[in-house]
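Can you keep this structure in mind? I'll have questions shortly.
Read-outs: derived from the displayed coordinates by stated rules, not from any lab. Given the structure is predicted, the values throughout are model-derived calculations rather than measurements. Counting neighbours? That spans all protein chains shown, and the Cβs are built from the backbone with ideal geometry, glycine included.
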Amino acid sequence: MRIAIASDHAAYELKALLADWLRGEGHEVADLGTNGPESVDYPDYGYRLAEAVANGSAERGVALCGSGIGISISVNRNPACRCALVSEPLSAKLAREHNDANVVALGARLTGIDMAKACVAAFLATDFAGDRHARRVDKLSHPPVLENSR
């Protein structure tokens, strides 16, 4: 699978470990930075990762920052992306199965390497269930027009 991975300075070490692990698992990995402890802005890397997923150069994405929150918000600004912030494998599995998430976000200050690997493995191993979930996921990209509720 083609996977894009990106992080800010708070998560560059976790990103490097996950990228190496993913390559060892046979995946093609595009490391979109950052690659050091110098302070950077997480939205820059979230937007870069989102573009890679949106344009098809990556099938899935892994987004990392200190908490996972900021970078997940930036990835989700791209309407082609459905980024889920997860902290354990069940939420990673359900993000794929029910929400067709194509990007998973993790917080490096909150998640150790073994748990991060377990989350990413569950995310990559799970297919979208479709069926009743497809209608809901479609609404994420095409929200219904709501009447004024005054």
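Can you name the number of the only condition in (1) surrounded by fewer than 24 Cβ atoms within 10 Å (Cβ to Cβ); (2) under 10 Å from the mean Cα position of the chain (by Cα); (3) hydrophobic (A, V, I, L, M, F, W, C) that Leu94 fails?
With respect to (1) surrounded by fewer than 24 Cβ atoms within 10 Å (Cβ to Cβ); (2) under 10 Å from the mean Cα position of the chain (by Cα); (3) hydrophobic (A, V, I, L, M, F, W, C), Leu94 is out only on (2).
Here is a follow-up. So how many residues does the stretch 67-93 have that are assigned to a helix (DSSP H, G or I) and touching a residue at least 60 places away in the same chain (Cβ under 8 Å)?
The total comes to 2.
Can you list residue pairs whose Cβ atoms sit under 7 Å apart, with the first residue in the stretch 24-35 being within 16 Å of Ala10 (Cβ to Cβ) and the second being hydrophobic (A, V, I, L, M, F, W, C) and in a loop (DSSP other than H, G, I, E, B)? Count only pairs 6 or more apart in sequence or on different chains.
Note: pairs meeting the criteria are Thr34/Val40.
Now for a separate question. Go through the stretch 94-140 and count every residue that is part of a helix (DSSP H, G or I), under 18 Å from Glu59 (Cα atoms) and small (Gly, Ala, Ser).
Summing the residues that are part of a helix (DSSP H, G or I), under 18 Å from Glu59 (Cα atoms) and small (Gly, Ala, Ser) in the stretch 94-140 gives 4.
So, one more: On the given criteria, is Gly112 touching a residue at least 12 places away in the same chain (Cβ under 8 Å) and of a type in the set (Gly, Ala, Ser)?
So Gly112 does not fit the description; no.
Out of the residues in the stretch 100-150 that are under 22 Å from Ala80 (Cα atoms), of a type in the set (S, T, N, Q) and out of contact with any Asp or Glu (no Cβ under 6 Å at 6 or more places or on another chain), state the one that is surrounded by the fewest Cβ atoms within 10 Å (Cβ to Cβ).
Ser141
How many residues does the stretch 23-58 hold that are under 14 Å from Val104 (Cα atoms) and over 14 Å from the mean Cα position of the chain (by Cα)?
0
Could you list all residues from the stretch 55-90 that are surrounded by fewer than 17 Cβ atoms within 10 Å (Cβ to Cβ) and closer than 17 Å to Val120 by Cα?
Glu59, Ile69, Ser87, Glu88, Leu90
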